[in-house]
Every structure is written in structure tokens, then in C-alpha cells.
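Worksheet for the structure shown next.
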Amino acid sequence: MQSSASLTISDLWIERGERDLCRGLSFDVRPGEVLRILGGNGTGKSSLLKAIVDVITPIEGTIYYLGKNVTQCRDVLIESTLYIGHAVGVKRLLSVEENLRWYCPDVSSDELNSALEHLGLWPFRDTLVTSLSAGQTKRVALARLWLSEKTLWLLDEPFSSLDAKGCTILENRIQQHVSLGGLVVLTTHQDLRLVSARDVVLLS
Amino acid sequence: MQSSASLTISDLWIERGERDLCRGLSFDVRPGEVLRILGGNGTGKSSLLKAIVDVITPIEGTIYYLGKNVTQCRDVLIESTLYIGHAVGVKRLLSVEENLRWYCPDVSSDELNSALEHLGLWPFRDTLVTSLSAGQTKRVALARLWLSEKTLWLLDEPFSSLDAKGCTILENRIQQHVSLGGLVVLTTHQDLRLVSARDVVLLS
Amino acid sequence: MTYSSFLQSEFLILWRRKQDVLNALLFFILVVALFPIGVDPSPAFLAPAAGGIIWCAAVLSILMAIEGAFKEDYLDGSLEQLVTSGLSLPLLMLLKVLALWGCVVVPLLLIMPLLSEMLFLPSTVFWVLILTLLLGSPSLFFIGLIGSALTVSLRQGSMLMMLLILPFYFPVIIFATSAVHAAQAGLSYSGSLAMLLAMSLLSLVVSPVMTAIAVKASVN
Amino acid sequence: MTYSSFLQSEFLILWRRKQDVLNALLFFILVVALFPIGVDPSPAFLAPAAGGIIWCAAVLSILMAIEGAFKEDYLDGSLEQLVTSGLSLPLLMLLKVLALWGCVVVPLLLIMPLLSEMLFLPSTVFWVLILTLLLGSPSLFFIGLIGSALTVSLRQGSMLMMLLILPFYFPVIIFATSAVHAAQAGLSYSGSLAMLLAMSLLSLVVSPVMTAIAVKASVN
Amino acid sequence: MAFDTFPAFLIMGKHGVYVWSAYGFSMLAIAVLTWNTFAHHRKVRNTLMKRYRMDQIR
Amino acid sequence: MRWVWFHKLGSPKWFFFQSKSWVLPLLGLGSIGLIVGLVWGLAFAPADYQQGDTFRIIYIHVPAAMLAQSCYFALGAAGFVYLVWQMKMAPIFIKAIAPIGAVMALIALVTGAIWGKPTWGTWWIWDARLTSVLVLFFLYMGIIALQSAFDDVMLANKATAVVCVVGLINLPIIKYSVVWWNTLHQGATFSLAEKPAMSAEMWLPLLVSVVGFYLFIAGLVLWRMQSEILQREHRSSWVKKEVMDRGL
Ligand code: HEM
Ligand SMILES: Nc1ncnc2c1ncn2[C@@H]1O[C@H](COP(=O)(O)OP(=O)(O)OP(=O)(O)O)[C@@H](O)[C@H]1O
Ligand SMILES: Nc1ncnc2c1ncn2[C@@H]1O[C@H](COP(=O)(O)OP(=O)(O)OP(=O)(O)O)[C@@H](O)[C@H]1O
Ligand SMILES: [Mg+2]
Ligand SMILES: [Mg+2]
């Protein structure tokens, strides 16, 4: 993990379905910092995260990562990014363990088990994700945060459908990540309890 | 709307995937009351709601509605119930307005429009749900609360992915419903701000 | 939700895919064109095989149309809403089949003259072919919908049911093609047509109930 | 995510949905059985047409197998994860094709002896048929996957995809069946086989890149 | 002129139906294409015009 | 720099104003050529000594068939240009020309079928040329369907370009395979190649008609591109000026 990673967005203009979502948006994320994107429903928080990982293409704007302009060549950025969207990318037909092995094939069984234990998924490791509850499915997706070594986390409403205990565990993990120099950008409609964050507010 | 509606669950035993979720659970919901089901992820809150509307079959237990035992014949109960689950039952390929017309064919245009306006969906009425944000999709599902006349509401995490304003609007609507004698059972991991609720806690 | 609003939304979604109808037609022609190109383009081969080829293409496009009938509804939760709507589930399933059938089979029949010309089907046999499609296709839809409902949640055991269901397509196709064949040879074909009708009626009675059971088993 | 873990999960999921593979296989048998039963069971009719019939049936069932290749991944967000995984998307697509190909074509080859016996295909030609399938089917998969990726995010899913890709299948079918025909007539068939191989190689080069572009266009 | 009389031109030695239907279909298709092009262009201009007017009023 | 025109071509504004004055002349010249060629062929050219007057269908059938193929090559080239250089004009061109190509293929098919009835005694045979035009028609339909299926313009551009390019690679393969297939086991029962050598009186009107077709279609394509440019660039100020100046 690069300890001096930084992400700078400048002058971003995103349009979707003929509607401007943001125009001239600039902000930066410094190491050790949690950036929280706030805004009402439909103001473009998810679109912003997607634009950073190049899933949608902004009309204008520049993105700097590690001080370099990565607008044209997003590879460096994407390689050190962990993105979890609204659709969490957990496969219904794989079991919990298989899902994690799919995503993080290199982790040792110990690490895997400890992450599962941590998230309360241990008893369900061989259950197919189809027959998990909403919160448990979300936890399967979030287990990636324990298992992969990416610097920049882009989390789209990571707290939704988690119970209070789950939220605490997740906030602790985020705190730990930023204290090691990681970057976190997240969207949420809830208040953070443990982590202090800088806010960027999108208006509709 | 029956103003003296009541729902009583007694001695419910639900099992899923070989695991007991609750056993000997009893509670009742009286008119004008919000019942909140609490519990960690995977403790069986959603399963409980589904058991009430007969989507899953409990192993044991009796359900009384309007004082009558409806365990065998669930028709009366289902007819006056509005259930919104985790998967909200909004069709991706219909527009917002068409989705509502699908669900509540009998409402007048005025009512429909005022509900849309209320939820901030008016500009999106002709947009297909595929191209709405997560919160907007949720709002489309919740619009049913304004448009249908059911007595018993079973809402599975209705607040998730709503922004703060959306939560307030929804809480107001719930308050209004119970003050007219309606019954509301909901699950949530958040705190309610406006509505006072009685809690039933499920343990894992 | 009422029966009529359900039917309406079914049609609306199908109408949203109106291009699908056009596409289905083009696809149908393509499959029909596959055989002259792949096997033998001479009338001597095509004329006797025309009935079978057209039925084959029809079954394929019907399978395509049916296959995902519940997938979307299952994933977005609409299926749960149907189950908890208080309406009769078998009746809803019947309506669903009717809507689907109308949107798939009618355009298919409209394009039939063109295709039978391309496959050199004798014009005397043409109407028999149309009759077999009209009488036989409902049972394909009814049977297919049970399978589609069963497999939507991909539960264990659905596989076995599917194995039981698909073979029911065989008799329909066999009776239909043998009716066309008999007509081509100048023999009587009313027996086969009667069988097709009987199968459609039987599946009309059985299928909505079975589909409803399958749907309920899937949503839990 | 690594390439090998991706491949592994692909296989696992295909195995979990063995259902679909079985479906395609049953459809294959259905089409092949149609000709002896519905048209003419005499060897004089079947033997020369056997190669073509088997190829048409194979193409149709491959189409069915490919059709939903990306649907589930699109809806649950896995496709987004692939795009943002930092791995080379074309390579992932290549692996996906390979997994699918293995799961569909191998069972198909396994029942081939049975079917060619049913259609009175001369046993000398049998191995040519197998060869054409081995050499030709990869290009069917490569091309099909482009179509499937292009249309995942669309309402008019499967039909449009089929319309898009079937025209591309024609040359493959033609070369394959003319190889079988030539072998049956005792002529040289190596030219057709070489063409099949060439098309598979060409599509091997073109398709992963195109599929990757299509996937990226779909996930937004 | 390859034909002696006008009716002969129309009948074309028994093949008139074929020739005229072929020409008729083709001309119709080209006419529809041209009309569609024209109508679409006009429609685009009109909608844009309306939109700009609306913007100005606002 | 030599490539300047190429880059300028990528700019919708430049293209719009360059091509604006070309539309009417092209359409005018084209329709003159069409009318002259067709009337000449229909009324003045001599009848074929074998086929009689059905032969006159050639004056519409051949230009349509040629255009159907040319349009596809243009389509494929544009798709390639878009995927490689992201040139903005390419998808606009594709959108404009695809329906025209489809209509041309349809005309070739229908006139050919009509011609076939008196000459071959059937509307349709599975001949090499016929089949490849049929396949071409399907390619066009697929592209049109795909383009209109996307709500998002960018996605539509990319997806369509992919199919155009892949189709371009495939087109010669289709043609080659079909010719080979048909000559391998059917024998040339109905060969298009064995035709009587044409006299000048016969091919001159054909030439005029072909040129007329090309010019007319070029005009139509430019016109359609103009609408498309206006629609896509409606946010830019020059479009606003252009639209408001022209009035309704
Ligand atoms: C649906 C049926 C038909 C289709 C799709 C079709 C298609 C074509 C095509 C693609 C060409 C080549 C144009 C070029 O690039 O030069 C062509 C040319 C021609 N066709 Fe047809 N054709 C059909 C039926 C017929 C029939 C029935 C006849 C007359 C017996 C005919 C006579 C000709 C002639 C004389 C040419 C010009 C040949 C040359 O100059 O190379 N076509 N047709
Ligand atoms: N379709 C299913 N098949 C089998 N078991 C299931 C199924 N759905 C859920 N379960 C199991 O039932 C238990 C309860 O699930 P349920 O969805 O009711 O939990 P929940 O309390 O709603 O949790 P959450 O807060 O995460 O939504 C879980 O342990 C889960 O593993
Ligand atoms: N796939 C899409 N195609 C077109 N428009 C879209 C699409 N997805 C979202 N939009 C539009 O973009 C806007 C922003 O959507 P986005 O999902 O970014 O909102 P959000 O801030 O994440 O909202 P939420 O809090 O509800 O998740 C919305 O107005 C929506 O209508
Ligand atoms: Mg969002
Ligand atoms: Mg739940």
C-alpha cells in the first residue's frame, strides 16, 4: 500500500440521461482521510464513484492519482482501487467461501476464516448466497475489505442493510485502513459514529 | 380501512435451511401501533414478515387477524396487507408511472401525481426504472403507501437507501397511517425519529 | 393490483419490447434459412421437410420467449408481489400465458406465407400447417411456463422436474409434423389435429395450477 | 481476482446451472429426432442430410447456451467488478468463452455417436463431422459472446442478440457442412476444414477485444 | 421508343405486372425514404426550436 | 499538415457547414439521373431477345444491389474509424446510412424476387447471390435494431461500431462461402453469369441509372447526417444559432 497515495478530481462534469449531475466539481482525497459524499437521492453520488473507476465516462474533468494525470490511462488507478457498488457483485450461485475465493484467490485459509469469523459468516461459509439474508449478502461483499490490499476504497452505501454491530465492525475497519495511509471515498445517508470524515455535498 | 384491525401471532416457529430462526414467538399488533422488529443480520426479520404473508410456511404457529384464526385460510389477511420486501417489486422496464399504474390501477391521475410530487419523482414519471438511482427506485416502491388502501403494512427495511428527507416523508406517512387506525410492522436497523414504535427483538 | 392491470402491464412490457416482436420474426426467418443453407437447398429436400423445419424454428422461438418469463420478475421482487396480491395465482399465470402467446404466435403466423414460399411448401398444405400451429402452440407455452417457473430460483430438484417437462414437447412436435406430413401425402390428418387440441386443453387445465405451485415454491 | 480464480468460478457456476447445459442438450436431441420422426425415417433421406441436420441442431443449441451468458453477472454487479478488477478484460472474456465452450461442446460431442447412428451417418464421415465441430464451434462461441455482451443491458435481450449473430454463423455452417458433404462424396475436404480453423483463429483474435468493448459499454 | 402503342407499353408482352410492380415497389420505397428523411429533419429543427424558445422564456 | 482534413472531418460543426450546400445539388442531379436512366430503360431500351420485357427490371435491380453492398462497406469503414480514432462523425454517418442500405437491400431482394417468378418460375431459390443479399439485409436490420435499442448515445455508438466492424470482416467470408457452397453441390442450374452480352443501348441507361442512384443516395445520406448532427450537438451555441436563424 502506498502510504502517500492521493486522489484529486478537478472540474468534473457528469451527465446522465440528458441531466447534468455535477459540473465543475473538484475535490481531493488525501492519505489517511475518509471522504464522504453526501447528497439526496438521485444527485449523482453513485455516478461520481462510477466515473472515478471509469465505468461511466464524464464529459469533462481531470483525475490525478499519485500526482499523475490518469484521465486517459486509468490502469494505475483501477489497479489499486476496490469498488463496491449498489449491486455488490456477489454471485448468487456460489457459496460464501467460493465467492471470496473468486475475488481474492491468493489469501490463505487462515486469513479467509478470520475474515469470515469477524463478519459472522463462519457458519454460512458453505451456504449459497441465494439463501443468505440481505445483510449477510452485504457482508460477503464487504469481506473483500479484509482480504484485499487495495489502497483506494470506493464504497457506495456500504452501511445499508448492515445491523448496528456490522456498522461498527465496518467503521473500525475503515478507521484502520485510513490510519495506515489508505484512501476511502464513501457515500452514505447515515451518520458515521466512529470515523471522522470530510464531506463533499452534491446538490440536485 | 377497518379501524379495529388487529394482528396476533402466537407460538410461531420458523425454520430455514435447517436452522431455527424463531421458536415460540408471540406478539400482537394493535390498531394505531407501529411494531418494529429488531435483530441482527440473519436473525429472521425478513423471514418473519414473509411468514405472515404466507410466502414461506412456518413449521408451527397460529395467526389471528381481526380476531379470527387465519392460519389455514390466509385470504382475508393477504387482501388487506401491503408487503414490500427487500426486493421491492418494481419493474425495471416500466416507467415510474406505469409501475404505479400496474400496482394501483384504480387511482385517479390527481392522486398519482400528488404522490409522485410528494416523493420527488414527478420529473422522472416517464423515465424507465432502469435509469433511476437506488433511492429513487425505492421511492417508486414506497409510493404504493400513498396510493393503496390496505390496512396492514409489512415493510422490510423501508428506510434503506432513502436520504434523510425521504426518511422524514416516510415516517410522516407511517404516523398518519397508524393514527387512522392502520397497523404497521416494519424492520429496520436505523432509529426512528418521528414515530414511536413498540419493539420485538429477534435473537440469533 | 387487479387482473386487468396485471394483464395490461404484461402487454406493456411486451410492447416495450415491440422491437422484440420484429426481432422474433427476423430470427424466425433466420432459423428457417439455416436449414436450406446448412443441409440442402434443393426443393426436393426442402418441400417434404418444410413442416418440420418450420415447427423446429417455432419451438425454438417459443422457448426463447418463455425462458426468461419469470427471471426478471423473480429478481426484482414482482413475483413476491403477485403471490401476496390476494389475486388468484393460477389465474394470473393463465393471463401471463395468454399475453405471451398473443405477442409471440400472432406475428409468427403472419409471416408464415413468406416462409412457406421460401421452403417450397405446397400451398395445399399451408393451411394445415397454420392449423397445427394454432392448436399446438398453446400447449408449448403452458408446458414451458411450468418449467420456467420451476427453474427461476435454481433450487435443487428443479432440474429433475425440468427433465420431466421437456419431453412433453416431443409429442406435440410429432403430432404436428405428422399432420403436415399426412396432408402432404393426401392422407387424413384430423386425428393428429385432434390430439394437438386435446393436449392444449389438457395443459390449459393442468398448467396454471402447476405454474402457480412452482412460483410459490420459487419465491420463498 | 486473478485469471485462474475467475476461470474457476466460471466453471463452478456453469456446474451449478447444469440445468441450462442439459436444456441445450435436450434441445439438440429434439431437433435431430425431428427429422426421422417428422419427415422421413428412411436412410436414403437421412444419410445425406445427416451432417447438415446435426450442424443446424448444434448451432441452435449453442445459441441457447450462449444467450444468457452475461445476464446474471450484469444484474448482480459482477460485471462491474470485472471491469474494475484491473485485469485485462479481453483476456477474461477469452477465459469465459473457453469455460462455456468446454461445458457445452464436450457433452455435445459425447452424444454424437448416438445421434449419427440415428441418422445413418456413414461411420467414415463421423470423424470428419467431429472435426468440423471441434474446429468450427469455437468461432460460434466467440461471435456469440460479442452479441451476448452487446445486448445484456437491453430490454430486448435475447432476440436481438440472435438476430445480430446468426448472420455471422452462416459461413461457419456452410463450410462445415460442405466438408461433411465432400467427405461423404469421397472428395477432399481439407480446404473447408482449413477455412473453419482460419475463422476460429480470426474470431479468437477479434472477439475478446470486441466483447470487452461491448461489456464496457454495457455496464455503465 | 421500344413500344408501338401506349397499352403495349403498359402490358409489356404479358410481363407488365412484373415490371411495373418492381418499379412501383422501388419507387415507393425510395419515396418513403426521402419523405422520412425530410420529415425527420423538419422534426429535429422544430423540437430544437421549441426547446430554445422555452429556454429563452425561462 | 496532410491529415488536417481528416481531423476536421471529425468536427460536426465543420462538416455541417461544408455539407450543407451539397445536399440539394446531389439530390437534384441524382433524381435527374434516376429519371433519365429509368425512363430510358423502361421505354426506350430494346427488349431482351430471351427474357423479353422483364429484363427492364435490371435498371433498378442492379443499382439497388450495388448500393446495398457499397453502403455496407461504408458502414464498416466508419465503424473502424470510430473504434480506432473515436471520430465523432463516424457514428452519425452510420446512423444515417444504415436504413438506406437496408432499403436498398430490400429493393434488390424484392425486384429480384419479382424478376425470378417469370424467369425461373419461382420467387426464391437458394442461390449464392440471393442468399448473400438476404444475409446482408439481416445485418442491416441487426445494426438498426441495436442502434435504436440503446437509450444512451455513447453506448449506441460503441455497440453499433463493434457490429459494423465485425460485419466488415465477415462480409467477404459470407460471399465466398456462399458462392462456394452453392457451386459445390447444386450445380449452376440458374446461373446469373450466363447472360447474353449486353448491347450499348442496354447498358448505357443502366450506367446512367446507377450513377443517378449513387448521387441521390449521397444526397440523402448528407441530409440525414445534418439532422443527426443538429440533434446531437443541440447544446452547442452554433446549432442554436443555426436553428433560430433558419426559423420554422
Ligand atoms: C431476390 C433475388 C435476387 C437478388 C437478391 C439479387 C441480387 C443481385 C446482386 C447482389 C447483384 C450484383 C450487383 C452488382 O454488384 O453488380 C445482382 C446483379 C444482377 N442480377 Fe440479381 N438478384 C436477384 C434476382 C435476380 C433475377 C431473378 C435475375 C434475372 C434472371 C437477376 C439478374 C441480375 C443481373 C442480370 C445482374 C447483373 C449481373 C452483373 O452485371 O454482374 N437477379 N443481383
Ligand atoms: N431463501 C432462503 N433459503 C434458505 N435459507 C434462507 C433463505 N433466505 C434466508 N435464509 C436464512 O434465514 C436466515 C434469516 O434470514 P432473513 O432474511 O430472515 O434475515 P433478516 O433478519 O432479514 O436479516 P437482514 O437484517 O440481513 O435482512 C438467515 O440465516 C439465512 O441464512
Ligand atoms: N443507468 C442510468 N441511465 C441513465 N440515467 C441514470 C442511470 N442511473 C442513474 N441515472 C440518473 O442519474 C442520476 C443520479 O443517479 P445516481 O445513481 O448517481 O444517484 P445517487 O446520488 O447515487 O442516488 P441514491 O442516493 O438514490 O443512490 C439520477 O437522477 C438518475 O435518474
Ligand atoms: Mg446511489
Ligand atoms: Mg432482511
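Looking across region A:23-42, just one residue is within 16 Å of ligand 4 (Cβ to nearest atom), of a type outside the set (G, A, S) and farther than 21 Å from A:W153 by Cβ, and that is A:N41. In the condition set (1) crowded, with 22+ Cβ neighbours inside 10 Å; (2) touching a Ser or Thr at 6+ places or on another chain (Cβ under 6 Å), C:A57 is compliant with all but (2). Taken over region B:18-43, residues that are near ligand 2 (Cβ under 9 Å from one of its atoms) and of a type outside the set (V, I, T) amount to 7. Exactly one residue out of C:I173, C:I165 is at pLDDT below 85 and in contact with a Gly (Cβ under 9 Å, 6 or more places away or on another chain), and it is C:I165. The single condition among (1) touching a His at 6+ places or on another chain (Cβ under 8 Å); (2) within 14 Å of chain A (Cβ to nearest Cβ) that D:G68 does not meet is (1). Within region A:162-204, restricting attention to residues that are out of contact with any Gly (no Cβ under 7 Å at 6 or more places or on another chain), closer than 21 Å to A:I9 by Cβ and within 12 Å of another protein chain (Cβ to nearest Cβ), the residue that is nearest to ligand 2 (Cβ to nearest atom) is A:T188. For B:K138, work out the one condition from (1) among the basic types (K, R); (2) assigned to a loop (DSSP other than H, G, I, E, B); (3) within 10 Å of chain A (Cβ to nearest Cβ) it doesn't fulfil. (2) is the only condition that B:K138 fails. Scanning region B:144-161 for residues that are among the hydrophobic types (A, V, I, L, M, F, W, C) and within 16 Å of ligand 2 (Cβ to nearest atom) yields B:L154, B:L155, B:F159.
Give me the residue from region F:87-145 that is hydrophobic (A, V, I, L, M, F, W, C) and not in a helix (DSSP H, G or I) and, out of that set, farthest from the other protein chains (Cβ to nearest Cβ). Out of the qualifying residues, it is F:M87. Filtering region F:41-90 to residues that are over 30 Å from E:S21 (Cα atoms) and of a type in the set (D, E, K, R) leaves only F:K88.
Taking the listed residues C:P122, C:P90, C:P113, the one that is free of Cβ contacts under 8 Å to residues at least 60 places away in the same chain and surrounded by fewer than 21 Cβ atoms within 10 Å (Cβ to Cβ) is C:P113, with no other qualifying. A:A141 passes every criterion in (1) within 12 Å of ligand 2 (Cβ to nearest atom); (2) in contact with a Gly (Cβ under 7 Å, 6 or more places away or on another chain); (3) of a type in the set (A, V, I, L, M) apart from (1).
Could you check how many residues of region A:165-204 are closer than 22 Å to A:E149 by Cα and within 16 Å of ligand 4 (Cβ to nearest atom)? Here the count works out to 3. Can you find, within region D:170-210, the residue that is farthest from the other protein chains (Cβ to nearest Cβ) among those that are of a type in the set (F, W, Y) and in contact (Cβ under 8 Å) with a residue 24 or more places away in the chain? Only one residue tops the list, namely D:Y189.
Tallying residues that are in contact (Cβ under 8 Å) with a residue 40 or more places away in the chain and in contact with a helix residue (DSSP H, G or I) (Cβ under 6 Å, 6 or more places away or on another chain) within region A:103-136 yields 4. In region F:115-124, is there at least one residue being surrounded by 22 or more Cβ atoms within 10 Å (Cβ to Cβ), within 16 Å of ligand 3 (Cβ to nearest atom) and either more than 30 Å from A:V55 (Cβ to Cβ) or polar (S, T, N, Q) (or both)? Within region F:115-124, none of the residues are surrounded by 22 or more Cβ atoms within 10 Å (Cβ to Cβ), within 16 Å of ligand 3 (Cβ to nearest atom) and either more than 30 Å from A:V55 (Cβ to Cβ) or polar (S, T, N, Q) (or both). Across region B:174-204, the number of residues qualifying as more than 17 Å from the chain's Cα centre (by Cα) and within 22 Å of B:I78 (Cα to Cα) comes to 0.
Residue under question is B:D106, and the condition is that it be of a type outside the set (S, T, N, Q), part of a loop (DSSP other than H, G, I, E, B) and under 30 Å from B:R30 (Cα atoms); does it hold? So B:D106 passes the test. Could you check region A:160-176 and list, in sequence order, the residues that are more than 15 Å from ligand 5 (Cβ to nearest atom) and crowded, with 21+ Cβ neighbours inside 10 Å? Matches in region A:160-176: A:L170, A:I174. Inspect all residues belonging to region F:158-169 and state whether any of them is within 14 Å of chain C (Cβ to nearest Cβ), in contact with a Pro (Cβ under 9 Å, 6 or more places away or on another chain) and surrounded by 20 or more Cβ atoms within 10 Å (Cβ to Cβ). Among the residues of region F:158-169, not one is within 14 Å of chain C (Cβ to nearest Cβ), in contact with a Pro (Cβ under 9 Å, 6 or more places away or on another chain) and surrounded by 20 or more Cβ atoms within 10 Å (Cβ to Cβ), which makes the answer no.
Filter region B:30-56 down to residues that are assigned to a loop (DSSP other than H, G, I, E, B) and polar (S, T, N, Q) and give me whichever is farthest from ligand 3 (Cβ to nearest atom). So the residue we want is B:T43.
Exactly one residue among B:L147, B:L142 is at pLDDT 90 or above, in contact with a Cys (Cβ under 6 Å, 6 or more places away or on another chain) and not small (G, A, S), and that residue is B:L147. Any residue at all in region A:147-154 that is away from ligand 4 (no atom under 16 Å from the Cβ), assigned to a loop (DSSP other than H, G, I, E, B), under 17 Å from the mean Cα position of the chain (by Cα) and crowded, with 22+ Cβ neighbours inside 10 Å? Among the residues of region A:147-154, at least one is away from ligand 4 (no atom under 16 Å from the Cβ), assigned to a loop (DSSP other than H, G, I, E, B), under 17 Å from the mean Cα position of the chain (by Cα) and crowded, with 22+ Cβ neighbours inside 10 Å, which makes the answer yes.
Of all residues in region A:142-161, which are without any contact (Cβ under 8 Å) to a residue 40 or more places away in the chain and away from ligand 3 (no atom under 16 Å from the Cβ)? Within region A:142-161, A:W146 is the sole residue that qualifies.
Among D:F6, D:F28, D:F11, which is the only one that is more than 14 Å from chain A (Cβ to nearest Cβ) and at pLDDT 80 or above?
Being more than 14 Å from chain A (Cβ to nearest Cβ) and at pLDDT 80 or above holds for just one of D:F6, D:F28, D:F11, which is D:F28.
Take the conditions within 13 Å of another protein chain (Cβ to nearest Cβ), part of a helix (DSSP H, G or I) and crowded, with 21+ Cβ neighbours inside 10 Å and apply them to D:L145. Does it pass? Against the criterion (within 13 Å of another protein chain (Cβ to nearest Cβ), part of a helix (DSSP H, G or I) and crowded, with 21+ Cβ neighbours inside 10 Å), D:L145 qualifies. Has region B:64-78 got at least one residue that is away from chain A (no Cβ under 13 Å) and farther than 20 Å from C:T84 by Cα? Among the residues of region B:64-78, at least one is away from chain A (no Cβ under 13 Å) and farther than 20 Å from C:T84 by Cα, which makes the answer yes.
The values are calculated or read from the model by the stated rules, or taken from the named source; none is laboratory data. The structure presented is a predicted model; accordingly, all values stated were derived computationally and were not measured. As a convention, Cβ positions derive from the backbone with ideal geometry for all residues, glycine included, and neighbour counts pool all protein chains shown.
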